1. Summing +1 for each Lys or Arg and -1 for each Asp or Glu, what net charge is found among the other residues whose Cβ lies under 13 Å from the Cβ of Val152?
2. Would you mind calculating the relative contact order of the chain from Cα pairs under 8 angstrom and at least 6 residues apart, reporting the percent as a whole number?
3. Determine how large the accessible area of Met189 is when every protein chain is in place; take a 1.4 Å probe and give Å² rounded to the nearest 10.
4. For Ile209 and Gln159 in one chain, what is 0.36 nm times their gap in residues minus the Cα-Cα distance, to one decimal in nm?
5. Any chance you could run the full-extension gain for Glu288 through Val34? It's 0.36 nm times the residue separation minus the Cα-Cα distance, nm to one decimal.
6. Roughly how much of Leu162 is accessible, in Å² to the nearest 10, using a 1.4 Å probe?
7. Could you tell me which helices of the chain pass both thresholds, a Cα extent of 27 Å or more along their own axis and a mean Kyte-Doolittle hydropathy of at least 0.5, with helices taken as whole DSSP H runs?
8. Show me, for region 254-266, the HN-Hα J-couplings you get by feeding each phi into the Karplus relation (A = 6.51, B = -1.76, C = 1.60, θ = phi - 60°), rounded to Hz, glycine and proline as x.
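The values are calculated or read from the model by the stated rules, or taken from the named source; none is laboratory data. Computed from a predicted structure; not experimentally measured. Note that each Cβ is placed from the backbone with ideal geometry, even for glycine, and that neighbours are counted across all protein chains shown. Accessible surface areas use protein heavy atoms only, side chains included; no ligands, DNA or RNA. Shrake-Rupley method; radii C 1.70, N 1.55, O 1.52, S 1.80 Å.
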Amino acid sequence: MSADDMLIFPGSGSPKLTANICRYLGTTPGECEVLRFSEGNLFVRILENVRGRHVYIVQSTAFPANDNFMELLFWIDAFKRASAASVTAVVPFFSYAKGDKKDEPRVSIRARVCADAIEAAGADRIVVMDLHAPQIQGFFKIPVDDLYALPVLCDRVKQMGLDNLIVVAPDSGFAKKARKYARYLGVSMAVGDKERVAHDEHAHIVEIIGDVEGKTALIVDDFTISGGTLVEVAQQLLVRGANEVYAAVTHGVFARGAMERLADSPIRRLLITDTVETQPVTLTPQIEVVSVAPLFGEAIRRIHNRESISVLFPR
C-alpha cells in the first residue's frame, strides 16, 4: 500500500506522541477537533477527507480514563462512517487492562467490555503497548499487536553505564517479563513478594527473593500510579544491601501525590515512556521520559506495508 493511503490522527489523550510518531514517519497529523459541551458530552469532527484511506487514531485512555475511552469509540465510529478503508486504534496505554478476570462474585470483566466496545465501534485492528494482562488479546476478534517498551528502556539503561546491575521484578506476576529485561541486559534478577489485600493502589512487600547485596538494582514494571510499590521495593532492596536503586516503567500514569512519594524515596532515577501525557502532576527531574514514538511509528509503517512486527522485539 502507498504511504499516501495512510493518515494518522491524534486523540485528546496523545497529541504529543502522535506528533512524534508522524515526525518519525515523515508525515503530519490528520486534522480533527474535539468539542466538550457543558454537561460533559464529547463531539468529534474529522476535518479532512478520509474516504478510502487507512486511518490510525492514537489515543491513550487515562486522565480522564472514561472520557478518553469514549472519545476513542467516537473517533472509530466517525472514521468508519466517513468511509475510511480501515481504522486501527493505537492505544498506547489501555487503562482497563487490570480488569481482566472475574476473581470475586458480582464484578465486571472490564477489559472484556472495553474490547467488545472497540470492536462494536468498528475498529479493524488495535495496537497497544505492554498490556498488563497479555491474555486480553484473546478478548478481541480483531488483530491485536502488543508492543514492548523493553528494547527502548533497556537501551537507555545501557547508556547509563550502571555497574553490577540486577533486575528486580516488584512481584511474581511480573517475573516472566522481568526475566526478559535481565536477559536483554545480560544480568541476573530478583523478585519482590508482594501482598495486596484490598482493591486500592497500595500493596505490601513482604520479601525480596534473590541476592541483591552490593548491587545496583533496577526495578522494572509495566505501570505505576501512586509509586507506592516502587518505593516500598526500593526501601526493601536497600535494607537487603543494594547499593543504589533505579527503576524503569513503561506507563508512568502518576496520580496526585506520586511525585512527592517518589521524591522522598531512595530511587535515583525513574525511566518512563511517553505513552501517558495527561497526568495531573508535573514530572520532577527524577523522572526521565524515553520516547516510544519511533517504535510505534515503525509498527504503523510495518502494519501499513503488511510486514512483520515481531522482528522488532527480542525473543
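1. Surrounding charge for Val152 is -3.
2. For the chain, the relative contact order is 14 percent.
3. Its accessible surface works out to 50 Å², give or take rounding.
4. In short, 15.3 nm is gained.
5. Full extension from Glu288 to Val34 adds 88.4 nm.
6. Only protein atoms counted, so the area is about 40 Å².
7. In the chain, no H run is both long and hydrophobic enough.
8. 6, 7, 4, x, 5, 5, 5, 5, 5, 5, 8, 8, x
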